[in-house]
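A short write-up of the structure that comes next.
The values are calculated or read from the model by the stated rules, or taken from the named source; none is laboratory data. What you see is a predicted model; the values in this text were computed from it and never measured. Here the Cβ positions follow ideal geometry from the backbone for every residue, glycine too, while neighbour counts run over all protein chains shown. Please note that ligands, DNA and RNA were not included when accessible areas were found on the heavy atoms of the full protein model with its side chains. Shrake-Rupley method; radii C 1.70, N 1.55, O 1.52, S 1.80 Å.
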Amino acid sequence: MKVLLFGRNPATVSRVTAALSAAGLAADGVASEEAVLARLGVVDALVLGAGVVGPLRERVTAAAVRHGVAWVQGPHIEPSRDALEYVRTEILPLLAERGPHERRHPR
């Protein structure tokens, strides 16, 4: 599965993208709206960071739906939390249970 992570904090995006890859996913991460919109046509799923909210989230998720890309939104990850554990316990279950164009919100 090709997954694109979009978050607002570049350091967190890098950490979680590496963990997604370590978990066996083909993952890429971006920290700008322009970058996420440019890559939606080539991914299977979009993971939104907890900081992607409001009108930004609405624009990005609407574009994802137009491209047939399912999306999920992960909960906030503390800087001290192990990123691979976070991916395994928080993100992978969301991706596994999502359906096409189904919205998932943070817990």
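Quick check on the stretch 67-78: of everything there that is in contact (Cβ under 8 Å) with a residue 24 or more places away in the chain and farther than 17 Å from LYS2 by Cα, which residue is most open to solvent (accessible area, probe 1.4 Å)?
HIS76
In the list ASP44, ASP28, which residue meets the criterion of being touching a helix residue (DSSP H, G or I) at 6+ places or on another chain (Cβ under 8 Å) and within 18 Å of ILE91 (Cβ to Cβ)?
After applying the criteria, what remains is ASP28.
Could you check the stretch 1-30 and list, in sequence order, the residues that are of a type in the set (A, V, I, L, M) and open to solvent by 40 Å² or more (accessible area, probe 1.4 Å)?
MET1, ALA11, ALA18, ALA22, ALA26
Suppose we filter ARG57, ARG39 for residues that are of a type in the set (Lys, Arg) and open to solvent by less than 60 Å² (accessible area, probe 1.4 Å); which single one remains?
That would be ARG57, the only listed residue that is of a type in the set (Lys, Arg) and open to solvent by less than 60 Å² (accessible area, probe 1.4 Å).
All but one of (1) within 12 Å of the chain's Cα centre (by Cα); (2) loosely packed, with under 14 Cβ neighbours inside 10 Å hold for LEU46; state the number of the condition that does not hold.
(2)
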